[in-house]
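Data first, discussion second: the structure below is written as C-alpha cells.
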Amino acid sequence: MAHVHGAGRIAAALTGAPGAAVLATLALAAVLPVPGDVRLLLALLAVLPAVATAACLALLARSAVRAWVGSALVAAVAAVVLVLT
C-alpha cells in the first residue's frame with residue numbers, strides 16, 4: 001500500500017516534529033515538582049528519544065496533513081503549558 005504525500009510527511013518529520021518534541025520536553029520539565037537543575041537534566045535526557053519518536057510518528061502518519069496537524073497540536077499544547085507556568 002503506497003502512501004500519498006510522502007514529501008510532506010518527510011518535511012513534517014524533519015522540521016515540525018522535532019520542534020514539537022523539544023517544546024513538549026520543555027513543558028514537561030516546567031511542570032515537574034523537582035529542583036531546577038534536576039528539571040534541566042530530565043529535559044536533556046528526554047529530548048533525544050522524544051525527537052526520534054516524533055519523527056517516526058510523522059513518517060508513519062497516513063498523510064502529510066495528519067503529520068503536520070499532529071506536530072502542531074503537540075506544539076500548541078506544550079506552548080500553552082509553558083505560558084501558564
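The values are calculated or read from the model by the stated rules, or taken from the named source; none is laboratory data. Since the structure is predicted, the reported quantities are computational estimates derived from the model, not experimental observations. Counting neighbours? That spans all protein chains shown, and the Cβs are built from the backbone with ideal geometry, glycine included.
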I need every pair where a residue in the range 30-41 that is surrounded by 10 or more Cβ atoms within 10 Å (Cβ to Cβ) has its Cβ under 9 Å from the Cβ of a residue that is at pLDDT 90 or above and assigned to a loop (DSSP other than H, G, I, E, B), sequence separation at least 6 or different chains. Val38/Leu32; Arg39/Leu32
Can you tell me which of (1) closer than 20 Å to Val80 by Cα; (2) loosely packed, with under 13 Cβ neighbours inside 10 Å is the one Ala46 doesn't meet? (2)
